[in-house]
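Asks: Here you go, one structure.
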Amino acid sequence: MSTLIVALASFVGFIFAYHTYGRWLSRKIFGLDPARAVPAETLADGQDFVSTRREVVFGHHFTSIAGTGPIVGPAIAVFWGWLPALLWVVFGSIFIGAVHDFGSLAVSLRNEGRSVGDVAGRVIGPVGRLLFLVVLLLELMIVLAVFGLVIAVIFANYPESVLSVWIEIPLAVAIGFWVYKKRGGLLVPSLIALAVMYGMIWVGTHVPVDLGRILGIGLSTNSYYNVVVVWTVILFIYCFFASVLPVWSLLQPRDFINSHELLLAMGLLVVGMIVAAAAGQADLVGSAPAIVPASDLPADAPKMLPFLFITVACGAVSGFHCLVSSGTSAKQLARETDAQAVGYGAMLLEGALAVIVILACCSGVGMKAFDRQQNGQGAGYSYVAAVDKDTGGPLVGSSAWRHKYNPDTGSGGGWVSNSKLDRTVGAFIEGGANFLTALGIPLKLAVGILAVLAASFAGTTIDTATRLQRYVVQELGEAIRVKPLTNRYVATTVAVLGGLSIAVFAGSKPGSGGMLLWPMFGATNQLLAGLAFMVIGFYLLRQRKPVWFLVAPAVLMLVLPGWAMVLEMRKWWGDANYLLLAFGGLVELLAVGMVVTAVVAWWRL
C-alpha cells in the first residue's frame, strides 16, 4: 500500500497546485490576457513563429522538457534512498520548477518570443545578455552530449527499441505534410502513428537492430563503447537535419506523437503499479530504504547535499526548460492564457513522471530482479531471473534493489564501478517492465515498451536542443558581430559539432563519459535556472510586480549547484580531466559575472 499512497498523494498535490498557485501566477502576477496579440501572430513566418493549438504546443513542450531527464536523474538519486528524491521532486516542481518554466514562457511572450538570454539584455543590460548567451551555449553543449549518449546507450543495450524509434521520423514528416499542407486532421493520424510504433516494438523484440552485431562489434568491456560512439555520430547527423527543417515538418508532429506515447506508457505504468501493489508484489518500503545511511554508502559516493539537487534536475527544476519555453514554445502559443497549461502544467506532469520513475526504480525493481544476456544464436537478448546466491531462489525485495544499485561496500565495487549510465537507465526500464508484467504483458515486450519510451523522449530533447543551440549561436554571432554565425546552417553545424565532441571525448575512452557528464549537466543546468530566475525577477520589477516568491528559488539554484560544481572541479583536478575542469571553471566564472552584473543593474534600478 505504501506505493499507492505515495503515488496518490503526489498526484493530488500536483493537481491542487495547478489550480491554486498556478492560477495565482497566471492571473495576479503576470496578468495573462487571451485577447492580447502573441508573437506567433505578430511575427508569423511559417518557420519558427507558427500559431498552434494549445494541445499541440503542450505536446511539443512537454516531450521537449521531459526527455530522459526525469528518468535518469531520479534513477540515480534513489541511490541515497527514495524519500529525499521524492520530496525534492514534489516540492521542487511545484514551487521552483513550474514557476521557472511558466515565468520564462510569460516573459518571452511579452518580449516578441525572444530567448531568455536575449531578454536578459533588455532587462539587465548588454553585458548580462552576452554572459547569459555564453552560459546558454555551454549548457546546450552539455545537454546535447549527455542526452545523445543516453539514446546511444539505450540503442546499444536494448536493440529491440531501435526500429520503433526511427520509424517515428517518417511518420512524423508525413503527418506534418498532411496537417499543414493538406489541412487534414491531426489526432487520428497521430494515433495511427502511435499504433504503428507499438507494432514496431513487437517486431523489434523478434528482429532487433543490433548495431554491434551488424558491425561485428561485441558488447565486451573493451568494445561496448564503440557501439555507443557509432550510434552517437548517427544521432548527431540526424540532429543537423531536424534542426534546420520547419517546426511543422518534424518537430511538432513528432512531439505530438510522443506526447500520446508518454501518456499511454504512464497510464500503463500507473495501472500496472496499482495492480502489482494490490496483489502485494510492489512494496516501496520493503524494497528500498527511505534514506540510505551514510555508513552504508561507498566511500567514493558523492554526498547527498548538495548533489541530490543537481542529480535530479528535470523532474524538479531544470534551466534547460527556460530555453524550451522561450526558444520554441513562446513562438507557437496562439493565446497568452495557454501559458499556464503549457508552462506550469507541463512541469507538474513531468514531476508526476519523475514520481513514477522513483517508484519503478524502488518498488518496481524490488518485485523481481532479472539480468539481460545476449543470445548465443541470432541477435537480441533474453531476460533471466537473477538468483539469490544464499537461497537459490529469485532475488526480490531489498535484495533485488541492492542487486541493481549495490549501495554498500560489502558487496564489492563502489560508486564509480556501479553507477554506470546503462545501469541507472536500466533500473527504470526493468523496474517499470515489472509493473507492466503485472498486467500480463510479456517481460521482453514490456522492456521494449519502456526502452522506446526513454529513447523517444531523449530524441525529442536533442531535436529541440539542437534547434535552440542554433538560435543561441545566431544570437551570439549577432551580439559579437560575427556574421557567419548568424547563418542557419553554420550555426547548426557549430551546435552539432560542439555537442558531439563532448559526448565522444569527455570520458576516459570515447563514448564512456555519460556519468561524468551528468553532474556537469546538473550543476550547469541548475545554475542556468538560477540565472533565469534573476531575469524573470528583473522583468517583474520593471513591471512593478511582486518578486518575493522568486527569492528563495533563485538563491537555492545559484548556491547549491555552484557548491556542487566546485566539489566536482576538485575531483576532475585529481583525475586530470582537464576538459571538464576547464568547462566547469568557465561556467562558474560566467555565473559569478552574471550575478555581479545583475546586482549592479538592480542597484541602478
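Asks: Among (1) closer than 30 Å to ALA299 by Cα; (2) open to solvent by 10 Å² or more (accessible area, probe 1.4 Å), where does GLY73 come up short?
Replies: With (1) closer than 30 Å to ALA299 by Cα; (2) open to solvent by 10 Å² or more (accessible area, probe 1.4 Å) applied to GLY73, the lone miss is (2).
Asks: Right, next: Select from region 452-489 the residues that are among the hydroxyl-bearing types (Ser, Thr, Tyr) and more than 15 Å from the chain's Cα centre (by Cα) and write down the one among them that is nearest to HIS321 (Cα to Cα). Please lay out each step first, then the result.
Replies: Start the filter on region 452-489 by keeping residues that are among the hydroxyl-bearing types (Ser, Thr, Tyr), which leaves 456, 460-461, 464, 466, 471, 486, 489.
From the residues that got through so far, the ones that are more than 15 Å from the chain's Cα centre (by Cα) too are 471, 486, 489.
On the way: TYR471: 15, THR486: 23, TYR489: 24 Å.
This residue is TYR471.
Asks: Residues in region 500-523 that are under 17 Å from GLU139 (Cβ atoms) and not in a helix (DSSP H, G or I): how many?
Replies: Residues that pass the stated criteria total 2.
Asks: Continuing with the same structure: Which residues, counting only those in region 72-94, are touching a helix residue (DSSP H, G or I) at 6+ places or on another chain (Cβ under 6 Å), aliphatic (A, V, I, L, M) and modelled with pLDDT of 95 or more?
Replies: Once the filter is applied, which keeps residues that are touching a helix residue (DSSP H, G or I) at 6+ places or on another chain (Cβ under 6 Å), aliphatic (A, V, I, L, M) and modelled with pLDDT of 95 or more, region 72-94 yields ALA85, LEU86, VAL89, VAL90, ILE94.
Asks: Now for a different question. Being part of a loop (DSSP other than H, G, I, E, B), at pLDDT below 85 and not hydroxyl-bearing (Ser, Thr, Tyr) is the filter here, so list the residues in region 206-244 that pass it. So that I can check it myself, show each step before the final result.
Replies: Taking region 206-244 and keeping what is part of a loop (DSSP other than H, G, I, E, B), we get 207-210, 215-223.
Checking the rest, the ones that are also at pLDDT below 85 come to 210, 215-223.
Those that are part of a loop (DSSP other than H, G, I, E, B), at pLDDT below 85 and not hydroxyl-bearing (Ser, Thr, Tyr): ASP210, LEU215, GLY216, ILE217, GLY218, LEU219, ASN222.
Asks: I need every pair where a residue in region 465-477 that is at positive phi has its Cβ under 7 Å from the Cβ of a residue that is modelled with pLDDT of 90 or more and surrounded by 24 or more Cβ atoms within 10 Å (Cβ to Cβ), sequence separation at least 6 or different chains.
Replies: Short answer, once both residue conditions are applied: none.
Asks: On to the next question. Please state which of the following conditions ALA294 fails to meet, knowing it meets all the rest: (1) open to solvent by 40 Å² or more (accessible area, probe 1.4 Å); (2) in contact (Cβ under 8 Å) with a residue 60 or more places away in the chain; (3) aliphatic (A, V, I, L, M).
Replies: (2)
Asks: I would also like to ask the following. Quick check on region 273-296: of everything there that is in a helix (DSSP H, G or I) and over 19 Å from ALA75 (Cα atoms), which residue is modelled with the lowest pLDDT? Steps first, answer last, please.
Replies: Keep residues of region 273-296 that are in a helix (DSSP H, G or I), which gives 273-278, 284-287, 294-296.
When the remaining residues are screened for being over 19 Å from ALA75 (Cα atoms), the result is 274-278, 295.
Numbers: ILE274: 92, VAL275: 94, ALA276: 93, ALA277: 89, ALA278: 88, SER295: 79.
Looking at residues that are in a helix (DSSP H, G or I) and over 19 Å from ALA75 (Cα atoms), I get SER295.
Asks: Can you tell me which of (1) within 30 Å of HIS403 (Cβ to Cβ); (2) open to solvent by less than 10 Å² (accessible area, probe 1.4 Å); (3) among the aromatic types (Phe, Trp, Tyr) is the one TRP82 doesn't meet?
Replies: Going through (1) within 30 Å of HIS403 (Cβ to Cβ); (2) open to solvent by less than 10 Å² (accessible area, probe 1.4 Å); (3) among the aromatic types (Phe, Trp, Tyr) one by one, TRP82 breaks only (2).
Asks: If you don't mind, another one. With respect to ALA564, is the statement that it is within 17 Å of ALA554 (Cβ to Cβ), modelled with pLDDT of 90 or more and hydrophobic (A, V, I, L, M, F, W, C) true?
Replies: Values: within 17 Å of ALA554 (Cβ to Cβ): yes; modelled with pLDDT of 90 or more: yes; hydrophobic (A, V, I, L, M, F, W, C): yes.
Taking the combined requirement at face value, the residue satisfies it.
Asks: Please verify whether region 510-522 includes one or more residues that are of a type in the set (Gly, Ala, Ser) and open to solvent by 10 Å² or more (accessible area, probe 1.4 Å). Reasoning before the result, please.
Replies: Applying the first criterion (of a type in the set (Gly, Ala, Ser)) to region 510-522 yields 511-514, 522.
When the remaining residues are screened for being open to solvent by 10 Å² or more (accessible area, probe 1.4 Å), the result is 512.
Scanning region 510-522 turns up at least one residue that is of a type in the set (Gly, Ala, Ser) and open to solvent by 10 Å² or more (accessible area, probe 1.4 Å).
Asks: Quick one: in region 527-553, which of the residues that are open to solvent by less than 10 Å² (accessible area, probe 1.4 Å), of a type in the set (Gly, Ala, Ser) and farther than 12 Å from ALA120 by Cα is nearest to the chain's Cα centre (by Cα)?
Replies: Step by step, filter region 527-553, then rank; the result is ALA529.
Asks: While we're looking at this one, here's another question. Scan region 540-557 and report the pairs whose first residue is part of a loop (DSSP other than H, G, I, E, B) and whose second residue is surrounded by 14 or more Cβ atoms within 10 Å (Cβ to Cβ) and among the charged types (D, E, K, R), with Cβ atoms within less than 9 Å and a gap of 6+ or a chain change.
Replies: GLN543/ARG110
Asks: Of GLY97, GLY67, GLY128, which residue is surrounded by 24 or more Cβ atoms within 10 Å (Cβ to Cβ), under 28 Å from SER249 (Cβ atoms) and touching a helix residue (DSSP H, G or I) at 6+ places or on another chain (Cβ under 7 Å)? Steps first, answer last, please.
Replies: Details: GLY97 fails: under 28 Å from SER249 (Cβ atoms); GLY128 fails: under 28 Å from SER249 (Cβ atoms).
Sole residue among the options that is surrounded by 24 or more Cβ atoms within 10 Å (Cβ to Cβ), under 28 Å from SER249 (Cβ atoms) and touching a helix residue (DSSP H, G or I) at 6+ places or on another chain (Cβ under 7 Å): GLY67.
Asks: Just for region 562-605: of the residues that are of a type in the set (A, V, I, L, M, F, W, C), over 27 Å from the mean Cα position of the chain (by Cα) and part of a helix (DSSP H, G or I), which one is surrounded by the most Cβ atoms within 10 Å (Cβ to Cβ)? Write out each step before concluding.
Replies: Narrowing region 562-605 to residues of a type in the set (A, V, I, L, M, F, W, C): 563-567, 569, 572-573, 576, 579-583, 586-587, 589-592, 594-596, 598-603, 605.
Retained after the next criterion (residues that are over 27 Å from the mean Cα position of the chain (by Cα)): 573, 576, 596, 598-603, 605.
Next, from what is left, pick out any that are part of a helix (DSSP H, G or I): 573, 596, 598-603.
Working: TRP573: 14, VAL596: 13, ALA598: 24, VAL599: 11, VAL600: 14, ALA601: 18, TRP602: 13, TRP603: 7.
Only one residue tops the list, namely ALA598.
Asks: I would also like to ask the following. Is it fair to say GLU41 is part of a helix (DSSP H, G or I), modelled with pLDDT under 90 and open to solvent by 10 Å² or more (accessible area, probe 1.4 Å)? Outline the logic, then answer.
Replies: Working: part of a helix (DSSP H, G or I): yes; modelled with pLDDT under 90: no; open to solvent by 10 Å² or more (accessible area, probe 1.4 Å): yes.
Judged against the criteria, GLU41 is not a match.
Asks: Quick check on region 486-499. Is at least one of its residues outside any helix (DSSP H, G or I), open to solvent by 60 Å² or more (accessible area, probe 1.4 Å), more than 26 Å from THR424 (Cα to Cα) and not small (Gly, Ala, Ser)? Before you say what the answer is, go through the steps one by one.
Replies: Residues of region 486-499 that are outside any helix (DSSP H, G or I), as a first pass: 487.
Adding the requirement that they be open to solvent by 60 Å² or more (accessible area, probe 1.4 Å) leaves 487.
Filter again for more than 26 Å from THR424 (Cα to Cα), leaving 487.
With the extra rule that they be not small (Gly, Ala, Ser), the set shrinks to 487.
Among the residues of region 486-499, at least one is outside any helix (DSSP H, G or I), open to solvent by 60 Å² or more (accessible area, probe 1.4 Å), more than 26 Å from THR424 (Cα to Cα) and not small (Gly, Ala, Ser), which makes the answer yes.
Residue-wise test of (1) farther than 30 Å from VAL324 by Cβ; (2) open to solvent by 10 Å² or more (accessible area, probe 1.4 Å).
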site	(1), (2)
VAL230	no, yes
VAL233	no, yes
PHE240	no, yes
PHE256	no, yes
LEU263	no, yes
LEU269	no, no
ALA278	yes, yes
ASP283	yes, yes
GLY286	yes, yes
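Asks: In region 57-97, what count of residues is obtained for those that are among the small types (Gly, Ala, Ser), assigned to a helix (DSSP H, G or I) and farther than 23 Å from LEU264 by Cα? Break it down stepwise before answering.
Replies: First pass over region 57-97, keeping only residues among the small types (Gly, Ala, Ser): 59, 64, 66-67, 69, 73, 75, 77, 81, 85, 92-93, 97.
Filter once more, keeping what is assigned to a helix (DSSP H, G or I): 59, 64, 66, 69, 73, 75, 77, 85, 92-93, 97.
Okay, now just the ones that are also farther than 23 Å from LEU264 by Cα, so 77, 85, 92, 97.
Residues meeting the conditions: 4.
Asks: Taking the conditions exactly as written (more than 22 Å from ALA503 (Cβ to Cβ), aliphatic (A, V, I, L, M), open to solvent by 10 Å² or more (accessible area, probe 1.4 Å) and in contact with a strand residue (DSSP E or B) (Cβ under 9 Å, 6 or more places away or on another chain)), does LEU439 satisfy them or not? Spell out the reasoning first.
Replies: Numbers: more than 22 Å from ALA503 (Cβ to Cβ): yes; aliphatic (A, V, I, L, M): yes; open to solvent by 10 Å² or more (accessible area, probe 1.4 Å): yes; in contact with a strand residue (DSSP E or B) (Cβ under 9 Å, 6 or more places away or on another chain): no.
Here the answer is no, as LEU439 does not meet what is asked.
Asks: Of all residues in region 1-23 being closer than 18 Å to ALA278 by Cα and without any contact (Cβ under 8 Å) to a residue 24 or more places away in the chain, which is farthest from the chain's Cα centre (by Cα)?
Replies: ILE5
Asks: Quick check on my filter: what residues within region 172-205 are part of a helix (DSSP H, G or I), of a type in the set (Gly, Ala, Ser) and either more than 26 Å from the chain's Cα centre (by Cα) or crowded, with 18+ Cβ neighbours inside 10 Å (or both)?
Replies: ALA172, ALA174, GLY176, SER190, ALA193, GLY204
Asks: Pick from ILE169, ILE154: which is of a type in the set (Val, Ile, Thr), touching a residue at least 12 places away in the same chain (Cβ under 8 Å) and open to solvent by less than 10 Å² (accessible area, probe 1.4 Å)?
Replies: Numbers: ILE169 fails: open to solvent by less than 10 Å² (accessible area, probe 1.4 Å).
It is ILE154.
The values are calculated or read from the model by the stated rules, or taken from the named source; none is laboratory data. Keep in mind that what you see is a predicted model, and the values were worked out from it rather than measured. Every residue, glycine as well, gets a Cβ built from its backbone with ideal geometry; the counts of neighbours run over all protein chains shown. Just so you know, the surface numbers come from the protein's heavy atoms only, side chains and all, with ligands and any DNA or RNA stripped out. Shrake-Rupley method; radii C 1.70, N 1.55, O 1.52, S 1.80 Å.
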